[in-house]
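The values are calculated or read from the model by the stated rules, or taken from the named source; none is laboratory data. Note that the coordinates shown come from a computational prediction; the quantities given were computed from them, not determined experimentally. Note that we place each Cβ from the backbone using ideal geometry, even for glycine, and neighbour counts take in every protein chain shown.
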Amino acid sequence: MTYLSSFAALAERYDGFILDLWGVIHDGVNPLPGAVDTLTRLRALGKRSVLLSNAPRRAWAAQASMRNMGIGDELYDGILTSGEAVWLALRDRPDGWWHDLGARVFHLGPERDRNVMDELGLDMVATPAEASFVLNTGPDDLRDPTTLAEFEDVLLACLNARLPMVCGNPDMEVIRGGKRILCAGSLAARYIALGGDCRMLGKPDPAIYDPVLRMLGLEKSRVLAVGDALATDIAGAGRIGIDACWVLGGIHLAETQGDPDRAVAAARAKGLAPVAIISSFGWSAG
């Protein structure tokens, strides 16, 4: 693991990049410092970039949000979100588990994520007792998104109804505008601990990388994954055999305090070995 003060040196070593969004490109509200400049420079060098996010909403919705932040579509070659993968699985029903979900869905999540259910012929119901499955896209708009205890009652209601859960975001938590909030992965982990049945789509599952690698059209040896979360971004890259760069300015900032030695120790403790560690997705030092 090498600590680098800027992303420029890495850009010379690879032809394609799999880039996380939250914690690398933006914080859910604004672009992170240097990120748009780095995307622009990669584009100018003819490098290929695909955005891979565990966001529990359709790819077009994630793109629209980025446009509002000033991150244009022209800065990257493709995008895949966990929400898009969920939408495709609910449409295509790829195996018996998905087929048996039925069409009556209880949505645990905010209004903005309901596009994951658009145009699928699903019947949205108001309570778990009425549903055949639960779609979990994270904390809803009715409860405090910073504490898991807020969601115990609704998770128990889903469990009592014996609902299989589709989790649209394996992330455990995220930093939004400087505030740490829970993600769907935390709710899913609690549901599983209670005895519930759940499937998640997204990093670090190797299957989520197949379409991304097709978008890049490059050999794995020429691809670098860039992300801020050890359990998803860095672990996922390791599972498919590609190099990874760990950005310290995201979800692990409080843990590592941005210190390279702390970061190396944290990665090794989880059996992970990113090829590079960097403070932020910025082209130049500073």
Worksheet item: When both residues are 6+ apart or on different chains and their Cβ atoms are under 8 Å apart, which pairs have a first residue that lies in the range 42-70 and is in contact (Cβ under 8 Å) with a residue 12 or more places away in the chain and more than 19 Å from Val174 (Cα to Cα), and a second that is surrounded by fewer than 19 Cβ atoms within 10 Å (Cβ to Cβ) and of a type in the set (Gly, Ala, Ser)?
Response: Leu42/Ala11; Leu45/Ala11; Lys47/Ala11; Arg48/Gly217; Val50/Gly78
Fill in: Matching option when the condition is under 18 Å from Ala89 (Cα atoms), part of a loop (DSSP other than H, G, I, E, B) and either in the same structural domain as Ile25 (by TED's automatic domain parsing) or touching a Leu at 6+ places or on another chain (Cβ under 9 Å) (or both), among Gly202, Gly196
Gly202
Practice prompt. Kindly provide the set of residues from the range 225-243 that are assigned to a strand (DSSP E or B) and surrounded by 23 or more Cβ atoms within 10 Å (Cβ to Cβ), ordered by number.
Written response: Ala225, Val226, Gly227
Worksheet item: Quick one: which of Asp15, Asp73 is out of contact with any Ser or Thr (no Cβ under 9 Å at 6 or more places or on another chain), more than 28 Å from Arg91 (Cβ to Cβ) and charged (D, E, K, R)?
Response: Asp15
Worksheet item: Restricting the range 107-156 to residues that are surrounded by 12 or more Cβ atoms within 10 Å (Cβ to Cβ), among the polar types (S, T, N, Q) and farther than 19 Å from Ser186 by Cα, which is farthest from the chain's Cα centre (by Cα)?
Response: Ser132
Discussion item. Just to verify a result, which residue in the range 14-41, among those that are assigned to a loop (DSSP other than H, G, I, E, B) and out of contact with any helix residue (DSSP H, G or I) (no Cβ under 9 Å at 6 or more places or on another chain), is modelled with the lowest pLDDT?
Written reply: Asp27
Item to complete: Scan the range 42-71 for residues that are surrounded by fewer than 17 Cβ atoms within 10 Å (Cβ to Cβ) and either part of a loop (DSSP other than H, G, I, E, B) or among the basic types (Lys, Arg) (or both) and jot them down.
Response: Arg43, Leu45, Gly46, Arg67, Gly70
Item to complete: Would you be able to tell me the number of residues in the range 214-240 that are free of Cβ contacts under 8 Å to residues at least 24 places away in the same chain and of a type outside the set (S, T, N, Q)?
Response: 3
Worksheet item: Gly168: of a type outside the set (Phe, Trp, Tyr) and touching a helix residue (DSSP H, G or I) at 6+ places or on another chain (Cβ under 7 Å), yes or no?
Response: yes
